[in-house]
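Working notes for the structure below.
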Amino acid sequence: MGTIIAVTNQKGGVGKTTTAVNLSACVAAKGKKVLIVDLDPQGNTPSSFGISKKSVEHGTYHLIIGKSDAQQATVSTEYKVDVIPSNIQLSGATIELIEMEKRENRLRQGLASVVDK
């Protein structure tokens, strides 16, 4: 099973994205497979890896609401880090998830197929 590292804080502007991007790049540089999942609707993580927010066809939003699987949503980068990007669509997931069953497990379920990879 893969190792999962979460970089979280309720406060904005404390370096969560910067920490996650740099940590993932360093781990990948050591030869490990890395998947970074962006859960911020601002979508700065994909931008850090050269992925345009506007080009996101499948991302975290689609994964959480069940319109894509993790493999469809994953974008490979030249930095040997795979990214499941987000964009402003993710902000709408909060409202859509209200009526969904087991909403608190949607991300875990969506990533289950790639955790061991």
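Observations, loosely collected:
- Residue-count net charge about Ala112 - beta-carbon cut-off 15 Å; Lys, Arg +1, Asp, Glu -1: +1
- Magnitude of the charge dipole for the chain, about its Cα centre and with charges confined to Cβ atoms of Lys, Arg (+1) and Asp, Glu (-1), is about 340 debye.
- Rounded tilt (10° steps) of 16-29 against the dominant C-alpha axis of the chain: 50 degrees
- Taking every alpha-carbon pair under 8 Å whose residues sit at least 6 apart, the chain reaches a relative contact order of 28 percent.
- Stretch gain in nm, segment Gln72-Ser55, where the contour uses 0.36 nm per residue and the Cα spacing is subtracted: 4.7 nm
- A 1.4 Å probe, protein heavy atoms only, puts the accessible area of Lys53 near 80 Å².
- Förster radius 22 Å - calculated FRET efficiency between Met100 and Lys11, Cβ distance, rounded to 0.05: 0.20
- Accessible area (Å², 1.4 Å probe, nearest 10) - Leu23: 70 Å²
- Candidate lysines - alpha carbon under 29 Å from Lys30, same-chain residues fewer than 8 apart omitted: Lys16, Lys53, Lys80, Lys117
- Solvent-accessible surface (1.4 Å probe) assigned to Tyr61 amounts to roughly 30 Å².
- Across the chain, the volume of the C-alpha convex hull divided among the residues equals 103 Å³ per residue.
- Accessible area per residue (1.4 Å probe, heavy atoms of protein chains only) ranks Thr45, Thr18, Thr77 as Thr18, Thr77, Thr45, with the largest value leading.
- Note on exposure: Ile88, Ile36 ranked by accessible area (1.4 Å probe, complete protein assembly) read Ile88, Ile36, with the most exposed listed first.
The values are calculated or read from the model by the stated rules, or taken from the named source; none is laboratory data. The structure displayed is predicted, hence computed values, not measured ones. Cβ coordinates were reconstructed from backbone atoms using ideal geometry, including for glycine residues, and neighbour counts include every protein chain displayed. Remember, those area values only see protein heavy atoms, side chains included, never the ligands or the DNA or RNA. Shrake-Rupley method; radii C 1.70, N 1.55, O 1.52, S 1.80 Å.
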